[in-house]
1. Sorted by average packing, counted as other Cβ atoms within 10 angstrom per residue and highest first, what order do 332-344, 364-376 take?
2. Quick one: if the Förster radius is 35 Å, what FRET efficiency do LEU356 and VAL390 give, using the C-beta to C-beta distance and rounding to 0.05?
3. Which whole-number percentage describes the relative contact order of region 140-229, with Cα contacts under 8 Å and a sequence gap of 6 or more?
4. Quick one: how many lysine pairs in the chain have C-alpha atoms under 19 angstrom apart, if they're 8 or more apart or on different chains?
5. How large is ³J(HN,Hα), in whole Hz, for each residue of region 83-95 in order, when computed from phi with the Karplus curve 6.51 cos²θ - 1.76 cosθ + 1.60 and θ = phi - 60°, using x for Gly and Pro?
6. What list of ³J(HN,Hα) values in whole Hz, one per residue of region 765-779 in order, does the Karplus curve 6.51 cos²θ - 1.76 cosθ + 1.60 (θ = phi - 60°) give from phi, with Gly and Pro shown as x?
7. Skipping prolines and chain starts, which residues have an amide H placed within reach, meaning under 5 Å, of the one on GLY89, given they are 5 or more residues away or on another chain?
8. In deg cm²/dmol and to the nearest 500, what is the mean residue ellipticity at 222 nm of the chain if only DSSP H runs of at least 4 residues count, each as -39500 (n - 2.57), divided by the residue total?
Amino acid sequence: MSHHLLYAARALRHKPAFAATAIAALALGIGGNTAMFSVIRGVLLKPLGYRDPDCLVRVSMDTAQFKSRDVPFSLEQFEHMRAARSFSGFGLFLSTVEDMTISGSGTPEALKGARVSANFLEILGVDPVVGRSFTADEDRPGGAAVAMISTALWKRRFGGDPEIAGRTVTLDATPYVVIGVLPAGFEFPFAGLDVWVTRPSEWPWLPSRFWRNVTFLLGFARLRPNTTPEQARAELNVLYAQYAAGNQTLLARRSSMRLAPLHDQIVANVRSMLWILLGAVACVLLIACANVANLMVARSSSRSREFAVRAAIGAGRAHLVGQLLAESLLLAAAGGLAGALLARWGVAAISRINDLYVSRTGPILPRASAIHVDGSVLLFTCVLSLLTGVLCGLFPAFRASRTDLVSTLRESGAAAGKASTGRLRGLLVAGQIAVSMTLLIGSALLLESFARLHAIDPGFQPENLLTLKIALPRARYDTDRKKTQFFDDVVQRVDTVPGVLSAAAALSIPTTNWLRTNIQLPGDPEIPSEQKFAVLQSVTPDYFRTLAIRLRGGRVFNPRDNVPGASPVMVINESLARLIWPAYPDGVNPVGERLFEGADKFAGVMQVIGVVADVHEGGVALETVPEFYVPTVVRPPQLAYLAVRTTSDPRRLANAIRGQVLAVDRDQPISDVRTMTEVLESSVGPRRLALILLGVFAGIAVLLAVVGIYGLISFSVVQRTQELGIRRALGAQHRDIIGLVVSRGLTLALAGIILGIAGAFALTRLLSDLLFHVKPTDPAAFLAVAVLFLVVALAASYFPARRATRIDPMTALRIE
């Protein structure tokens with residue numbers, strides 16, 4: 001085999017254009033597949049880094065009334081289910097990241113924290129790298145304030161102090177004892193955490209009176225040996241039914257328990273998208289293989305006399321096949337090496353996109369820290385390169401080795417091997433066009449979806465709007481008056497910053513967490529099955545002006561509404577107006593009416609003073625929901641967002657605004673500093689990632705298809721030099737020659753388009769979850785891509801056709 005490789009290397013060195021084209025095509029295909037395999041392996045295939053990870057499940061609920069799946073439950077509900085015998089360990093975690101502050105020595109810093117039950121490390125089978133885990137006493141109300149920290153925080157803030165265990169730090173203005181450090185890369189229950197504390201139900205974002213009954217907890221458990229998830233789910237449903245039987249509200253909601261493998265639950269939102277993208281990049285590799293096979297068929301056809309001579313002097317068929325396979329494998333090895341380098345760049349680019357678009361649910365790709373081009377991935381690249389070499393070279397090699405010595409030696413050089421080569425190469429090119437068109441139609445549909453998303457009116461103006469998060473420590477801001485005063489002072493100070501038009505504080509901003517509660521007309525009977533729900537929003541008076549939310553009727557808040565003792569008032573959106581008064585905007589005028597809401601019953605009945613336009617609180621991809629606004633004095637937030645409208649680029653004012661916050665409280669950091677445009681972009685992160693990657697793959701596929709068409713037509717012109725020369729000698733005009741050559745390319749394009757449309761009907765249905773207000777069979781996308789390919793085929797065929805018109809008849813007739 002070594003002599004075959006040496007001969008192949010010499011042969012390829014004499015054809016640098018052929019070798020470079022083939023290597024580039026294979027590098028794109030192999031590199032793309034290697035990069036996507038790295039992502040698939042890290043996110044989907046690699047087991048979680050816990051003991052017996054297949055035994056770990058996540059526990060949540062499905063609620064028929066709200067048509068909700070995989071939703072949290074309450075502490076009270078958990079206490080009735082914790083007796084389940086199907087689990088060797090059953091724990092809880094708060095379903096959202098908790099914003100915490102660390103202060104004292106050094107600059108105050110905003111941290112990401114998680115509230116977990118004390119047994120979380122025992123369930124996962126993980127040991128701290130320093131110190132110990134939590135104890136049961138530390139998980140009870142009133143237990144000791146202890147915390148575990150990440151390796152990253154330990155090294156960043158404490159210099160990797162080996163004596164960190166037992167050290168007291170100030171978290172949320174409360175002394176906490178650090179009892180341990182978790183391993184590097186530990187990401188439970190969320191990625192990017194700094195701190196873990198106990199008592200998951202004690203969420204500072206909510207008043208303590210809601211801690212037992214509001215549903216914001218998720219469960220995780222370890223199955224006992226020989227226990228299936230179905231058995232555990234059945235037991236939990238029995239326990240939950242016993243609990244719900246004593247609570248008519250819960251019984252009316254027709255809820256049931258949900259169990260899912262922990263790994264599957266973590267990657268559920270991206271699984272189908274990643275497999276689709278892997279299939280797409282596999283198609284790119286097939287196109288690259290077809291391109292290289294086309295080149296090799298052309299090359300072997302031009303060498304048919306050489307092979308015939310070698311066969312005539314005794315070379316066996318196995319020798320000829322081995323020689324051509326050696327060339328193919330050498331090209332694939334070079335393409336694989338270049339592809340591995342491209343894959344490293346591709347993985348880095350995907351990681352940057354993932355870090356850039358972080359939404360309220362975290363990065364686009366979970367387990368992103370596990371994505372690496374490591375030894376396993378390189379082994380995949382080697383195997384893929386080997387298979388690619390065989391795939392590209394085997395058929396051309398067998399075809400070239402089946403040489404009819406007599407007929408081949410009789411043919412002239414230009415005609416040798418011409419009989420069937422054209423048909424074979426045409427089929428390969430048509431296949432390339434079909435696959436390329438399928439990918440391009442998928443990209444077109446995603447692009448159309450993205451355009452429709454950006455055309456949606458979010459209900460406010462996101463331009464020149466800066467947002468940031470402020471989490472107030474409960475220990476320092478333990479009264480409503482303190483919280484209200486803090487946000488009033490911050491808003492007033494930020495308003496004075498040069499370049500600021502207005503500022504406001506709010507319980508949430510679009511795409512972040514929201515609080516939903518029941519709402520009704522005073523005097524209406526409280527029938528659980530007929531309860532109406534709306535999102536509660538607590539804001540300072542300038543919120544509507546700062547976000548430029550349109551007023552539909554009445555008025556918005558003024559400073560007099562936001563002082564202690566003021567009459568309780570609310571502003572509602574149009575969706576809530578239609579929910580309570582279905583005839584709106586006709587019939588009853590909501591302004592002046594009174595409503596009762598369940599989250600703050602102490603506030604009593606509140607008067608509606610205004611109606612504003614709907615805002616897409618969940619992001620532009622989600623429909624608007626009923627919502628009402630109250631002044632912050634009615635419900636002072638523990639965690640709030642600051643929205644600042646500026647005259648120019650808002651990011652330039654971030655440091656000045658941070659300074660105003662520190663002027664009010666020198667230990668209060670801010671976090672999540674982003675423009676509202678960035679916030680909205682993050683809400684469509686998965687769609688953007690799919691669009692970028694599928695668009696790149698489709699672009700590569702189209703480029704390879706263009707190369708294939710151009711190469712085929714160019715080779716056809718060379719093979720038909722004598723024929724074209726004769727036609728010229730007989731009086732054929734330039735347009736006749738151009739039409740003859742171009743028609744060949746257009747015929748192949750039409751065949752590929754027909755096949756591509758059929759393939760696209762299958763692919764686009766898989767993309768339906770990523771599409772927005774676009775049908776998978778949208779005719780405009782199919783027609784646009786078909787026209788594009790006809791134009792591309794015309795362009796790729798035109799230049800070889802022009803060259804054909806310059807053939808000199810006398811020279812052509814002398815060619816042998």
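The values are calculated or read from the model by the stated rules, or taken from the named source; none is laboratory data. Bear in mind that the values here come from a model prediction, so they are computed numbers and not experimental data. Backbone-built Cβ (ideal geometry, glycine too); neighbour counts: all protein chains shown. All accessible areas refer to the heavy atoms of the entire protein, side chains included, with ligands and DNA or RNA removed. Shrake-Rupley method; radii C 1.70, N 1.55, O 1.52, S 1.80 Å.
1. Averaged packing, sorted descending, gives the order 332-344, 364-376.
2. FRET efficiency, LEU356 to VAL390: 0.35.
3. The value is 29 percent.
4. 6
5. Coupling constants for region 83-95: 7, 4, 8, 6, 10, 8, x, 9, x, 10, 8, 5, 6 Hz.
6. 5, 6, 8, 4, 5, 9, 8, 10, 6, 9, 7, x, 10, 4, x
7. Under 5 Å from the amide H of GLY89: ARG222.
8. -16000 deg cm²/dmol
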